[in-house]
Amino acid sequence: MTSRVILISPASNPALRRARFDDGASLDAAGAARAASAAGSLPAADRVHVSPTVRCRETAAALGLAGPSGPAAELAAWDVGRWRGRTLDEVAAAEPAAVALWLADPGAAPHGGESVRDLCARVARWLADCGGQDGRTLAVVEPEVVRAVVVGVLGAPEAAFWRVDVPPLAATELSGRSGRWNLRLGRTLGTPGAADAP
């Protein structure tokens, strides 16, 4: 049995453009147009999951994806507690020691939300469930979820989370069996071969 997973990062919105922790904003006009232009570029999926964030739901709708096959609680956005809606620069100016700790220690959550370690563990549970399902799963998820998947699949240290960049509207593909995954890193949707079967 081979499992295939395609993770789609959301199209751009003001928070992504300003490096702002998700604030629940809708896609901007350019992001919505890019997502709509990529509609029909993804292969058929046996299951569709969508992170509950506004930008992921709007991206999925613009891509013309059918309603989710199941709950996506494990694919929720990273809980950054009281930093939600603020830019990293704003937080660093107000709480430099907290930001330094957060970036250095994967187990730290000075914002009162989830640590990198907690996020990676949550996403790993979801991916393990996918590994037990035949066919293709498509999920529209926040960039930090994609980063957590990449770190887990590669068996990289949690500190590597900060070294993974995920562009808007990119496909990151996995295929595997028996808990072993192969990874094809994000390619922008709408480009040739962007979501070919792995």
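The values are calculated or read from the model by the stated rules, or taken from the named source; none is laboratory data. If you're wondering where the values come from, they're calculated on a predicted model, not measured in any experiment. Glycine also receives a Cβ, built like all others from the backbone with ideal geometry; neighbour counts cover every protein chain displayed. In case anyone asks, the SASA skips ligands and DNA or RNA and just uses the protein heavy atoms, side chains included. Shrake-Rupley method; radii C 1.70, N 1.55, O 1.52, S 1.80 Å.
From largest to smallest, the equivalent ellipsoid semi-axes obtained for segment 8-80 from the alpha-carbon gyration tensor read 20, 17, 8 Å. Could you tell me the center-to-center distance, by alpha carbons, between segment 7-23 and segment 96-114 in angstrom? That distance is 21 Å. If both residues of a DSSP beta bridge must be in the chain, then about 60% of such bridges are antiparallel.
Taking θ as phi - 60° and the Karplus parameters 6.51, -1.76 and 1.60, the scalar couplings of segment 140-154 work out to 9, 9, 5, x, 5, 5, 4, 4, 4, 5, 4, 4, x, 5, 7 Hz in sequence order, x denoting glycine and proline.
Remark: the chain carries a charge dipole of roughly 380 debye about the Cα centre, counting +1 on each Lys and Arg Cβ and -1 on each Asp and Glu Cβ. When the chain is treated as a Gaussian network with alpha carbon springs shorter than 10 Å, the biggest mean-square fluctuation among L103, L42, L63 belongs to L103. For segment 5-140, with all protein chains in place and a probe radius of 1.4 Å, 55% of the accessible heavy-atom surface sits on carbon or sulfur.
Computed across segment 91-149, the Kirkwood radius stands at 13.2 Å (inverse of mean 1/r, all Cα pairs). Its DSSP H runs of at least 4 residues, each contributing -39,500 (n - 2.57), put the calculated 222 nm mean residue ellipticity of the chain at -9500 deg cm²/dmol, to the nearest 500. Shape descriptor for segment 82-198: Rg over Rh equals 1.01 (Cα atoms; Rh from the Kirkwood inverse mean 1/r). Rolling a 1.4 angstrom probe over the protein heavy atoms with all chains in place gives segment 71-198 an accessible area of 45 Å² per residue. The relative contact order of the chain comes to 32 percent, based on Cα pairs under 8 Å that sit 6 or more residues apart.
Between Rg and the Kirkwood Rh of segment 1-144, both from Cα atoms, what is the Rg to Rh ratio? Taking Rg over the Kirkwood Rh, I get 1.01.
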